[in-house]
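The values are calculated or read from the model by the stated rules, or taken from the named source; none is laboratory data. Predicted model, so just to flag it, every value in this text is computed and none were measured. Because the Cβ atoms are built from the backbone with ideal geometry, glycine has one as well, and the counts that use them run over all protein chains shown.
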Amino acid sequence: MSTKLTQLLEIKYPIIQAPMFLVSNTAMVIEAMKCGIAGCIPALNYRTLEELRAAIIELKKAKVAGGSFGFNLIVNKSNIKYKEQLRILCEEGCDFIITSLGSPEETINQAHRVGIKVFCDVVDLKFAQKVEGLGADAVIAVNNQAGGHRGNLSPENLIKELVSNCQIPIISAGGVGRKADIDTMLSYGAAGVSVGSPFIASVEANVTDEYKQACVEYGAEDIVMTERISGTPCTVINTPYVQKIGTKATWLESVLNKHKKLKKWVKMIRFSIGMNATKNAATKVTYKTVWVAGPSIEHTHSILPVKAIVKRLIE
């Protein structure tokens, strides 16, 4: 399965195990590399810079031929750790960085100096061309089938539009749970895929068994959009608790979000509350089940080791 992505990262298969907040860890990425794909972890999954450094060192020691590893960076002002996280990544080294939610210019410049490739999350052509102009090595095209904060365009429309107007490789994110889905994305012109939700129900994931089992028991029709986590629409499993609290912002939040001086603080408070709820649901037994996932859990029928999930994606 040779593509521009396999050539860029020197991997066997054009698959990135997507970075997932709270879910991704070194054990998952190590198994991914053993299977001949790339793995990525959000830098924010580590509370301290020393924990991040230790993870990089662990992954460098475990790296095998045909595998690759990287980290995801939130590159806007909301991530006060961003600059120091970037410094640690450049000091220790990794194969690639995926940027989200902000301008990747500084990341691209610093990472390229030490030989690290940079891929950038985009949801439309405007931003894809912008990051290409800044020197990105590839774009992660986040479509409307992705889990978490998704795009608005279908995989076919987004991939074909970007492929027709960009010179760098297009990596599709969203809607992949089996090999047939990968074949479809590649047929549209994608150089590879970024796959997240199917790996939530992996043995190696650090989330609760209840979260993993939910990905087994629920399917694509059970995924809904909610504004109650970060203030920005996000996909979650439609559990009884989600149904109880609703998916729309409260009337007070809606009013305050229109206030020029207050909306910034309202969003920050909503984000903090939502992230705390998501963390508790993922790591503790609680009735407040706010589980982030995408429709590709449709093909998750049991909790499996990472290597078995990769096998489903390549065979």
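Out of segment 121-140, which residues are among the acidic types (Asp, Glu) and either at positive phi or surrounded by fewer than 17 Cβ atoms within 10 Å (Cβ to Cβ) (or both)? Steps first, answer last, please.
Within segment 121-140, the first condition is being among the acidic types (Asp, Glu), and the residues that meet it are 121, 124, 132, 137.
Across segment 121-140, the qualifying residue is only 124.
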Take segment 157-184 and flag every residue that is touching an Asp or Glu at 6+ places or on another chain (Cβ under 9 Å), crowded, with 22+ Cβ neighbours inside 10 Å and under 30 Å from residue 25 (Cβ atoms). 158, 169, 173, 175, 177
Quick one: residue 74 ticks every box in (1) within 18 Å of residue 131 (Cα to Cα); (2) hydrophobic (A, V, I, L, M, F, W, C); (3) at pLDDT 95 or above except a single one, so which number is it? (3)
Leading residue by the ranking (farthest from residue 17 (Cα to Cα)) among those in segment 90-110 that are among the hydroxyl-bearing types (Ser, Thr, Tyr) and surrounded by 16 or more Cβ atoms within 10 Å (Cβ to Cβ): 107
Output for segment 25-75, where each listed residue is of a type in the set (Asp, Glu) and touching a residue at least 60 places away in the same chain (Cβ under 8 Å): 31
I'd like the full set of residues that are of a type in the set (Ser, Thr, Tyr), in contact with a Gly (Cβ under 9 Å, 6 or more places away or on another chain) and in a strand (DSSP E or B), limited to segment 185-210. 194
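Anything in segment 45-60 that is among the β-branched types (Val, Ile, Thr) and touching a helix residue (DSSP H, G or I) at 6+ places or on another chain (Cβ under 8 Å)? List them, or say none. First the steps, then the outcome.
At the first step, the residues of segment 45-60 found to be among the β-branched types (Val, Ile, Thr) are 48, 56-57.
56, 57 - these are the residues of segment 45-60 that are among the β-branched types (Val, Ile, Thr) and touching a helix residue (DSSP H, G or I) at 6+ places or on another chain (Cβ under 8 Å).
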Identify, from the list 87, 113, the residue that is exposed (fewer than 13 other Cβ atoms within 10 Å of the Cβ) and within 16 Å of residue 46 (Cβ to Cβ). 87
Note on segment 1-30: residues surrounded by fewer than 24 Cβ atoms within 10 Å (Cβ to Cβ), in a loop (DSSP other than H, G, I, E, B) and of a type in the set (A, V, I, L, M, F, W, C) are 1, 21, 22
Verdict on residue 172 being within 17 Å of residue 5 (Cα to Cα), touching a Phe, Trp or Tyr at 6+ places or on another chain (Cβ under 8 Å) and free of Cβ contacts under 8 Å to residues at least 60 places away in the same chain: yes
Among all residue pairs at least 6 apart or on different chains, which show Cβ distances below 8 Å where the first residue, located in segment 91-104, is farther than 15 Å from residue 171 by Cβ and the second is hydroxyl-bearing (Ser, Thr, Tyr) and at pLDDT below 95? 101/78
